[in-house]
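S.K.: Mind having a look at this structure? Questions to follow.
The values are calculated or read from the model by the stated rules, or taken from the named source; none is laboratory data. Please read these numbers as outputs of a predicted model, since none were measured by experiment. Cβ placement follows ideal geometry from the backbone for every residue including glycine, while neighbour counts extend to all protein chains displayed. Remember, those area values only see protein heavy atoms, side chains included, never the ligands or the DNA or RNA. Shrake-Rupley method; radii C 1.70, N 1.55, O 1.52, S 1.80 Å.
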Amino acid sequence: MDIDREQFKTAFIDRLQSISGTSLEEATMADKYAALASLIKDYIGKRWVNSNKAYYAKGDKQVYYFSIEFLLGRLLETNLYNLGIRDQWVDALAELGIKFSDLEQEEHDAGLGNGGLGRLAACFLDSLASLQLPGHGCGIRYKYGLFEQKIIDGQQIERPDNWLKNAYAWEYRKSDKAVEIKFGGQHGTVRAVPYDIPIVGYQNNTVNTLRLWSAEALDSGLDYDSFNQGNYSKAMEYKYSVEAITEILYPDDNHYAGRLLRLKQQYFFVSAGLQSIIRYHKKHAAGVKNLPERVAIHINDTHPALAVPELMRILMDDEGLGWDEAWRITVNTIAYTNHTILPEALEKWPIEIFRDLLPRIYDIVQEINERFCRNLWNVYPGEWERIGKMAIIANGQVHMAHLAIAGSRSVNGVAKIHTEILKKDVLNLFYQFFPNWFSNKTNGITHRRWLLKANPELAKLITSFVGDSWIRHPGDLHLLQNHMGRPVFLKQLMRVKRQRKILLAKYIKEHYNIDVDINSIFDIHVKRIHAYKRQLLNVLRIMELYNRLKANPDLDIVPRTFIFAGKAAPGYLLAKKIIQLINAVAAVVNNDKTIRNKIKVVFMENYSVSLAELIIPAADVSEQISTASKEASGTGNMKFMMNGAITVGTLDGANVEIREEVGDDNIIIFGLTAEKVIEYCQTPVCKPSELCDANVSLTQLLNQLVDGSLPVPKDEFRPVYDYLLHGAGEFFELMDLPSYLEAHAKVDALYRDKEKWFGMVALNIAHSGAFSSDHTVTEYANGIWNMKPARVRILA
């Protein structure tokens with residue numbers, strides 16, 4: 001099916017004319033994008049069909065990865081790379097006068113996720129296909145993403161993320177594969193329609209599937225009687241209520257209706273996915289009793305935990321199995337990944353909401369709870385408190401993490417320290433009861449997107465020195481160690497980093513009209529805005545540095561450009577205030593000529609995968625400063641490391657393992673340890689006010705939040721001030737600040753010696769292959785899913 005350059009140009013023009021009815025000269029960029037995507041889908045389609053035929057013909061075990069988020073990013077260039085036709089097609093387009101980067105801008109990031117959870121799921125799909133593992137995703141086709149973030153007058157404003165306003169090029173509607181989802185009582189029955197997105201493996205003929213479900217009315221959804229009576233709103237009421245299920249990613253759950261809708265979403269996609277899996281399994285295997293041998297179902301955090309009772313329901317009510325047989329199949333099919341240490345983030349549902357919406361599922365959960373508690377009693381007779389803490393239904397709530405653990409055969413954390421904290425603290429009682437079920441699977445990132453695609457200049461440099469084997473075998477990045485001491489390599493590495501900084505600086509100038517110095521340290525903190533991720537600690541550090549520069553403009557520092565990006569949940573007041581504070585500090589710093597442009601602050605709005613691909617390769621410093629023991633893993637730390645940024649971080653999440661890989665001299669660690677944080681949370685050592693009493697400059701910093709120093713009404717940041725001085729203090733910003741300042745003094749000193757700095761950069765890149773999702777997914781396949789690669793034959 002390969003075509004040469006001239007054949008491609010002819011095919012492209014023909015396709016453009018056939019789907020848009022226009023000539024090359026008259027076509028819009030959107031027309032050209034659609035034509036190119038259509039041609040790419042021709043390449044994908046045959047491989048996709050072939051892969052599915054091969055899986056079923058050979059009876060390969062398949063894994064289905066259930067996740068409430070899949071943060072895919074743009075697929076145009078990724079698909080070209082993975083098909084092995086990127087360079088020749090891009091060159092051919094150039095000969096037609098079409099700039100590929102302009103085409104890529106036509107693709108909107110799919111609004112299917114928010115942060116690390118969804119990006120991890122996307123990385124896993126890429127690795128599954130590239131490792132030739134039969135693995136598919138199951139999620140929700142949201143009409144609107146989380147929101148489009150605008151910064152107006154320094155504050156976050158949420159706008160609808162209407163990512164589907166134009167047709168999504170990569171999806172296939174499969175209405176013939178629709179299933180019905182039955183809710184309780186007045187909630188009724190809805191139709192779940194799958195939209196399939198092909199996931200292309202890297203140059204290996206494998207194409208897996210991401211199946212996303214959309215909610216639709218069973219018929220037209222129109223109440224004709226109401227319509228004919230002129231009651232148009234009532235006529236469409238049912239249709240709108242059904243479509244609301246998949247309308248938006250993460251509806252606000254601060255009220256009853258929002259909570260109900262979120263629970264509807266979770267059951268909707270879990271039930272649809274399981275019905276689809278069982279249907280296909282029965283078609284290609286003998287009955288359902290061998291399901292665990294042919295199928296693995298993995299639930300990404302607790303959002304899909306309803307898979308446990310829903311699979312029980314299907315096996316008992318639809319397939320006629322008894323409880324014991326259905327339970328054996330369920331437990332041996334499902335595995336669960338925990339993604340949180342924060343107890344408040346462990347999902348729970350009020351019994352009233354759960355029982356009203358899902359009465360049959362609630363009955364099954366009750367029975368699971370009764371049997372589980374009976375087993376606990378047999379092991380711990382009379383220990384009511386222990387059993388109460390482990391119960392699935394307790395204190396008027398259904399505990400989803402407990403349900404996921406009880407109903408699966410594997411529980412894994414996502415970083416070594418995270419897993420140890422789960423075993424020793426958060427889930428200790430479950431670990432005591434199920435010691436063999438717990439394991440660690442440290443998160444990973446797909447190097448094909450975060451290095452090969454996001455940083456092609458660096459990828460080419462690496463290949464020129466060590467060959468291209470690292471693309472298939474990321475561990476081969478360690479071969480760079482043979483070149484780290486070579487001046488020619490370090491010089492080219494510096495050139496690549498400078499190129500990426502120029503690109504980012506140009507973007508910042510064009511979009512924010514801020515001039516940043518490409519010779520400054522690009523110090524970058526991009527992630528979801530949350531108290532435990534401590535963007536606030538970073539802002540305090542910037543304010544402290546600004547105070548020193550105001551007092552002494554001749555202060556000898558390496559210039560810094562501080563770059564932030566990230567979204568705050570719409571109802572999270574403190575996080576939104578932190579965004580406003582960053583922008584207020586930026587307004588002061590960026591317009592103060594007396595500090596001679598030594599520091600600049602930029603907040604980049606609407607953080608996304610495509611924006612991350614611009615930001616991360618330009619970073620000199622990677623801010624990974626969550627309170628130790630609070631971040632499960634993090635994957636941003638891995639992306640920055642892979643692109644040659646030096647980590648400034650706490651001993652939290654995967655930072656611990658990054659330090660193990662690169663050594664103490666190639667990472668900058670600060671702050672309290674996880675053990676100390678846990679200890680201090682239990683027995684506080686001092687109040688924030690006591691820290692201020694002992695530190696005049698700290699008192700000055702806090703006062704500047706409310707004394708009119710910032711260009712906002714005087715008490716605008718009173719909530720931030722109160723949080724720091726009078727709050728619970730659980731994230732230890734003030735206690736860690738002195739250590740954080742020392743860490744950045746070290747950055748300043750190290751960066752002055754460019755040869756030493758870029759030696760550290762090179763070593764980080766060389767060791768980053770350890771954090772490829774290829775490695776992580778292989779561990780899942782071997783240690784949890786018990787599955788092997790399925791070789792798909794080469795196409796003619």
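S.K.: Run lengths n ≥ 4 of DSSP H only: what is the helix-derived mean residue ellipticity at 222 nm for the chain, with -39500 (n - 2.57) per run over all residues, to the nearest 500?
M.R.: When only DSSP H runs of four or more count, the value is -14500 deg cm²/dmol.
S.K.: To continue, here is another question. When the chain is fully extended, how far beyond the present Cα-Cα distance does Arg472 get from Glu237, taking 0.36 nm per residue of separation?
M.R.: Working: separation 235, 0.36 × 235 = 84.60 nm, distance 5.17 nm.
Residue separation times 0.36 nm, minus the Cα-Cα distance, leaves 79.4 nm.
S.K.: If I take every Cα pair under 8 Å that is 6 or more residues apart in the chain, average their sequence separation and divide by the length, what percent do I get for the relative contact order?
M.R.: 13
S.K.: Can you give me the accessible area per residue for the range 18-101, using a 1.4 Å probe, in Å²?
M.R.: I get 37 Å² per residue for this part.
S.K.: If you don't mind, another one. Take the Cβ-Cβ distance between Gln366 and Asp324 as r, set R0 to 22 Å, and report the resulting FRET efficiency rounded to the nearest 0.05.
M.R.: 0.80
S.K.: So, one more: Could I have the simple spin-label model distance between Lys714 and Val488, label points 7 Å from Cα toward Cβ, reported in nm to one decimal?
M.R.: Label-label distance for Lys714 and Val488, simple model: 6.7 nm.
S.K.: Multiply the residue separation of Gln186 and Lys509 by 0.36 nm, subtract the distance between their alpha-carbon atoms, and state the gained length in nm to one decimal.
M.R.: Full extension of this stretch gives 110.8 nm more.
S.K.: Total Lys pairs in the range 531-586 closer than 21 Å by alpha-carbon, pairs eight or more apart in sequence or interchain only?
M.R.: So the count of such lysine pairs works out to 5.
S.K.: How high is the FRET efficiency between Phe465 and Arg791 when r is their beta carbon distance and R₀ equals 45 Å, given to the nearest 0.05? Each step should come with its number before you reach the end.
M.R.: Values: r = 31 Å, r/R0 = 0.69.
Step by step, r from the Cβ atoms, then E = 0.90.
S.K.: What lysines does Lys756 reach when the alpha-carbon gap must be under 26 Å and sequence neighbours fewer than 8 apart in one chain are set aside?
M.R.: In chain and number order, the partners are Lys460, Lys491, Lys497, Lys501, Lys598, Lys600, Lys639, Lys746.
S.K.: Here's another thing I want to ask about it. So for each of 373-382, 526-535 I average, over its residues, the number of other beta carbons within 10 Å; can you give me the resulting order with the highest mean first? Walk me through the numbers on the way to the answer.
M.R.: On the way: 373-382: 12.5, 526-535: 22.4.
Highest mean packing first, the order is 526-535, 373-382.
S.K.: Okay, next question. If I model a spin label as a point 7 Å beyond the Cα along the Cα-Cβ vector, how far apart are those points for Asp87 and Leu574 in nm?
M.R.: Those two pseudo-labels are separated by 5.1 nm.
S.K.: When only C-alpha pairs under 8 Å and at least 6 residues apart count, what is the relative contact order of the range 389-478, in percent?
M.R.: Rounded, it is 20 percent for the range 389-478.
S.K.: Please provide three numbers in whole Å: the alpha-carbon extents of the range 662-745 along the principal axes, with the largest listed first.
M.R.: Principal-axis extents of the range 662-745 (Cα, largest first): 46, 31, 21 Å.
S.K.: Let me ask something else about it. What's the carbon and sulfur percent of the range 625-783's accessible surface, probe 1.4 angstrom, rounded to a whole number?
M.R.: 50
S.K.: Output the peptides 259-269, 239-249, 762-772 sorted from most to least packed, where packing is the average of other Cβ atoms within 10 Å over each peptide's residues.
M.R.: The peptides rank, most packed first, as 762-772, 259-269, 239-249.
S.K.: Using a 7 Å offset from the Cα along the Cα-to-Cβ direction at both Gln682 and Asp253, what is the distance between the two label points in nm, to one decimal?
M.R.: It is 2.9 nm.
S.K.: Determine which residues of the range 499-537 fall in the zone a paramagnetic label at Lys593 would reach in this model, i.e. backbone nitrogen under 19 Å from the point 7 Å along Cα→Cβ.
M.R.: Once the point is set 7 Å along Cα→Cβ of Lys593, 514-517 turn out to lie under 19 Å by backbone N, inside the range 499-537.
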